[in-house]
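The values are calculated or read from the model by the stated rules, or taken from the named source; none is laboratory data. In this text the structure is predicted, and so the values were computed from the model without any measurement. Virtual Cβ from ideal backbone geometry, glycine too; neighbours counted across all protein chains shown. Accessible surface areas use protein heavy atoms only, side chains included; no ligands, DNA or RNA. Shrake-Rupley method; radii C 1.70, N 1.55, O 1.52, S 1.80 Å.
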Amino acid sequence: MKAVLLAGGKGTRLRPLTLHTPKPVVPIFDRAFLHYQLDLLKQVPEIDEVILSLNYQPRKIEEVFGDGTGTGVRVRYVVEPAPLGTGGAIRYAAQGTDDTLVVFNGDVMTGIDVKAVVALHRERQAKATIVLTPVDNPSAYGLVETEADGRVRRFLEKPNPDCITCDTINAGIYVLEPDTFDRIPKDVPYSVERAYFPSLIERQDTFVAYVDRGYWIDIGTPDKYVQVHHDMFDGKFAGGLFATGDRTKPMVSPEARIEDGVTMTAPCFIDAGAHIKSGTTIGAYSVIGRGALIEESADLQNTIIWPNSRIGQNAVVHGAIVGRSCHIGRDSVLKGRMLLGDKSQLTDVTSIGS
Ligand code: GDD
Ligand code: MG
């Protein structure tokens with residue numbers, strides 16, 4: 001069995017953070033996002049290869065995972081010549097294999113029991129099995145109605161608010177049989193959500209739902225990107241660092257340098273190679289990335305700083321996401337959900353937000 005991770009989208013809603021860092025490798029604490037999905041997939045012994053379906057900035061993703069050595073699973077890359085949409089991408093990535101496929105949207109964080117989903121798929125002898133999760137507002141997702149016996153009755157991508165009939169949405173996790181892929185056109189964009197799933201229902205193929213009520217989030221917007229960090233800090237999801245770490249105290253890498261006179265409030269995280277100078281306040285829900293430099297008496301609250309950025313002396317940064325290798329000048333004040341793309345430079349005494 002193989003897994004396909006759909007990791008070719010442009011991550012438009014996370015711009016400017018995704019201009020130079022494709023969404024599948026945005027950092028979540030100390031590691032690139034897809035590491036969390038690989039952790040899940042490696043728990044399924046049947047999966048002997050994970051295929052990353054890429055389009056946007058593929059090299060930047062390949063550099064992170066290589067052939068998978070170090071992740072615990074074999075990783076291979078398939079780069080589309082042009083974006084083929086979610087359905088086209090699955091068919092393109094699955095070329096040359098007849099194996100059952102486990103497919104993940106490359107931006108969902110979850111602790112789902114993949115083995116149980118595969119077991120249901122086999123038990124029902126399904127052509128397709130889809131994981132559903134309940135959410136408060138389904139209109140940003142694919143709405144999925146089911147029958148009492150678990151078969152999918154209707155799939156409606158991004159429904160208008162007046163078409164919402166249930167709270168279960170497509171979690172972006174599927175088990176699929178490739179013998180259904182001949183209906184997917186080869187060289188034009190084709191959506192798994194808008195065309196392939198409706199076709200399964202129309203042709204009365206066995207298409208079943210697996211409802212999961214555990215942790216699930218799509219990290220694809222700035223608010224959700226911040227939310228996943230808060231949820232992990234709050235113990236709602238225990239992946240990566242949080243599988244063993246004590247989140248009630250500031251989590252500080254032994255390779256970080258914290259000068260005397262720094263105040264840290266849990267939960268917060270400081271990665272290896274970061275240097276926090278004296279007088280600084282690292283407030284709750286702050287994440288300081290690898291190699292970042294925080295100068296004297298800065299005040300950071302609820303802020304995510306990506307690797308190698310530098311925050312000047314006395315700067316106040318509350319609520320921002322700061323990309324890689326940025327520089328925020330001394331005495332600057334940034335308040336509110338500011339997003340700074342990689343290499344942003346703010347001169348001293350800049351003031352934005354309130
Ligand atoms: N290879 C490839 N090629 N990947 C793609 C392409 C493409 O042309 N288009 C999108 N993707 C990848 C994205 O990188 C992402 O990981 C995944 O497919 C889903 O795309 P999004 O752009 O994130 O879709 P969405 O979040 O609006 O909606 C999807 O996910 C929801 C759950 O989070 C849909 O599947 C919804 O039905 C679902 O509810
Ligand atoms: Mg998404």
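I'd like to check something: does the range 123-144 contain any residue that is surrounded by fewer than 16 Cβ atoms within 10 Å (Cβ to Cβ), under 19 Å from residue 99 (Cα atoms) and touching a residue at least 40 places away in the same chain (Cβ under 8 Å)? Give the steps one after another, and end with the answer.
So the first thing to find is which residues in the range 123-144 are surrounded by fewer than 16 Cβ atoms within 10 Å (Cβ to Cβ), and the list is 123, 125, 134, 136-137, 139-140.
Those still in the list that are under 19 Å from residue 99 (Cα atoms) too: 123, 125.
Imposing the further condition that a residue be touching a residue at least 40 places away in the same chain (Cβ under 8 Å) reduces the set to 125.
Yes, there is a match, as at least one residue in the range 123-144 is surrounded by fewer than 16 Cβ atoms within 10 Å (Cβ to Cβ), under 19 Å from residue 99 (Cα atoms) and touching a residue at least 40 places away in the same chain (Cβ under 8 Å).
Which one is farthest from ligand 1 (Cβ to nearest atom) among residues in the range 189-235 that are assigned to a strand (DSSP E or B) and surrounded by 18 or more Cβ atoms within 10 Å (Cβ to Cβ)? If you could, list the steps in order and put the result at the bottom.
Keep residues of the range 189-235 that are assigned to a strand (DSSP E or B), which gives 207-211, 216-218.
Right, trim to surrounded by 18 or more Cβ atoms within 10 Å (Cβ to Cβ) and you get 207-210, 216-218.
On the way: 207: 14, 208: 17, 209: 13, 210: 14, 216: 8, 217: 8, 218: 3 Å.
Taking the candidates together, the pick is 208.
Do you know which of the residues in the range 45-66 that are among the polar types (S, T, N, Q) and open to solvent by 10 Å² or more (accessible area, probe 1.4 Å) is nearest to residue 307 (Cα to Cα)? Working first, answer last.
Initially, the range 45-66 is screened for residues among the polar types (S, T, N, Q), giving 53, 55, 57.
Narrowing the set further to residues that are open to solvent by 10 Å² or more (accessible area, probe 1.4 Å) leaves 55, 57.
Numbers: 55: 24, 57: 19 Å.
Across the range 45-66, the extreme among qualifying residues is 57.
Hydrophobic (A, V, I, L, M, F, W, C), farther than 17 Å from residue 108 by Cα and not assigned by TED's automatic domain parsing to the domain that holds residue 321: which single residue out of 50, 64 fits that description? Before you say what the answer is, go through the steps one by one.
Working: 50 fails: farther than 17 Å from residue 108 by Cα.
Just a single option satisfies the conditions, and that option is 64.
Output the residues belonging to the range 97-108 that are within 13 Å of ligand 2 (Cβ to nearest atom) and open to solvent by 10 Å² or more (accessible area, probe 1.4 Å).
Step one: of the range 97-108, the residues within 13 Å of ligand 2 (Cβ to nearest atom) are 104-108.
Within the range 97-108, 105, 107 qualify.
For the range 79-96, does any single residue satisfy the condition of being modelled with pLDDT under 95, among the polar types (S, T, N, Q) and away from ligand 2 (no atom under 16 Å from the Cβ)?
yes
Does residue 115 qualify as being open to solvent by 20 Å² or more (accessible area, probe 1.4 Å) and closer than 24 Å to residue 337 by Cβ? Can you show your working first?
Values: open to solvent by 20 Å² or more (accessible area, probe 1.4 Å): yes; closer than 24 Å to residue 337 by Cβ: no.
The answer is no for residue 115.
Within the range 236-258, work out how many residues are part of a loop (DSSP other than H, G, I, E, B) and not polar (S, T, N, Q). So that I can check it myself, show each step before the final result.
Taking the range 236-258 as the starting set, the residues that turn out to be part of a loop (DSSP other than H, G, I, E, B) are 236-239, 244-250, 253-256.
Among the residues that remain, those that are also not polar (S, T, N, Q) are: 236-239, 245-247, 249-250, 254-256.
Result for the range 236-258: 12.
Please list, ordered by residue number, the strands (runs of 3 or more DSSP E) wholly in the range 278-354 having 1 or more residues that are over 22 Å from residue 15 (Cβ atoms) and open to solvent by less than 10 Å² (accessible area, probe 1.4 Å).
Details: elements: 286-288, 299-301, 316-318, 333-335.
Hits in the range 278-354: 286-288, 299-301.
Surrounded by fewer than 19 Cβ atoms within 10 Å (Cβ to Cβ), of a type in the set (Val, Ile, Thr) and over 17 Å from the mean Cα position of the chain (by Cα), is that true of residue 69?
Details: surrounded by fewer than 19 Cβ atoms within 10 Å (Cβ to Cβ): yes; of a type in the set (Val, Ile, Thr): yes; over 17 Å from the mean Cα position of the chain (by Cα): yes.
Considered against the rule, which asks whether it is surrounded by fewer than 19 Cβ atoms within 10 Å (Cβ to Cβ), of a type in the set (Val, Ile, Thr) and over 17 Å from the mean Cα position of the chain (by Cα), residue 69 comes out as yes.
Of all residues in the range 156-188 being within 15 Å of residue 209 (Cα to Cα) and within 16 Å of ligand 2 (Cβ to nearest atom), which is surrounded by the most Cβ atoms within 10 Å (Cβ to Cβ)?
171
What's the number of the only condition in (1) open to solvent by 10 Å² or more (accessible area, probe 1.4 Å); (2) more than 14 Å from ligand 1 (Cβ to nearest atom); (3) within 30 Å of residue 125 (Cα to Cα) that residue 266 fails to meet?
(3)
Those residues that are under 18 Å from residue 173 (Cα atoms), open to solvent by 20 Å² or more (accessible area, probe 1.4 Å) and more than 10 Å from ligand 1 (Cβ to nearest atom), I need them from the range 2-44; list them, please.
Once the filter is applied, which keeps residues that are under 18 Å from residue 173 (Cα atoms), open to solvent by 20 Å² or more (accessible area, probe 1.4 Å) and more than 10 Å from ligand 1 (Cβ to nearest atom), the range 2-44 yields 2, 35, 39, 42, 43.
Taking the criterion of being more than 30 Å from residue 75 (Cα to Cα), among the aliphatic types (A, V, I, L, M) and more than 16 Å from ligand 2 (Cβ to nearest atom), would at least one residue in the range 124-144 satisfy it? Spell out how you get there, then give the answer.
Going through the range 124-144, the residues more than 30 Å from residue 75 (Cα to Cα) turn out to be 134-140, 143-144.
Still in the list and also among the aliphatic types (A, V, I, L, M): 135, 140, 143-144.
Subsequent filtering for residues that are more than 16 Å from ligand 2 (Cβ to nearest atom) retains none.
No: zero hits.
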